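Beneath this line is the structure, given in structure tokens, with notes to follow.
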Amino acid sequence: ILAGGDRVAAGRTISALPPAALDRLLAGAGRDTDYAAIGHSAIVNVYLWYDRPILPLSFARTFGSPLPWIFDPRRLLGAEAGGWCVGVSLSAADEHLSLSRDDLAGLCDEALGRLFPDRRRARLRSRPARIRRTRENTRTR
């Protein structure tokens with residue numbers, strides 16, 4: 001269903017909506033669903049600030065690393081030079097919800113050091129305001 005109300009037939013679709021919101025949307029279209037029964041997992045976003053840039057690119061998807069999504073927020077927002085902030089998005093991250101801010105930052109910082117050689121020459125700014133964590137407890141499955 002498109003924003004204007006038009007329908008497009010498809011054998012399969014991908015939705016970025018939380019399951020309960022998808023159920024509500026499809027119920028309005030006359031579809032009987034129960035995607036909310038699938039459940040949900042948390043997304044944890046961690047932002048680390050370094051004393052120099054460490055990422056050679058604006059966005060990375062990794063495999064075999066505890067950090068699946070890594071990004072440079074400044075570059076993604078159109079800044080010419082990358083910032084010194086590194087964002088990490090952890091999907092299906094329920095096991096990370098109980099970690100302290102410092103433990104979560106340490107986990108991410110250590111993994112970044114294995115992935116990006118420039119991290120080894122940079123210092124993590126350790127003031128508490130420089131490590132931010134956001135949590136979306138009911139987002140993915």
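Below are the figures for this structure:
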item	result
Simple spin-label estimate for residue 110 and residue 61 in nanometres, 7 Å along Cα-Cβ	2.7
Ranked packing of 14-20, 37-43, most packed first, by mean Cβ within 10 Å	37-43, 14-20
Rounded accessible area of residue 121 (nearest 10 Å², 1.4 Å probe)	150
Theoretical FRET efficiency, 1/(1+(r/R0)^6), r = Cβ-Cβ of residue 51 and residue 89, R0 22 Å, to 0.05	0.45
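The values are calculated or read from the model by the stated rules, or taken from the named source; none is laboratory data. In this text the structure is predicted, and so the values were computed from the model without any measurement. Here the Cβ is made from the backbone with ideal geometry for all residues, glycine too, and neighbour counts use every protein chain on show. For accessibility, only protein heavy atoms count, side chains too; no ligands or nucleic acids. Shrake-Rupley method; radii C 1.70, N 1.55, O 1.52, S 1.80 Å.
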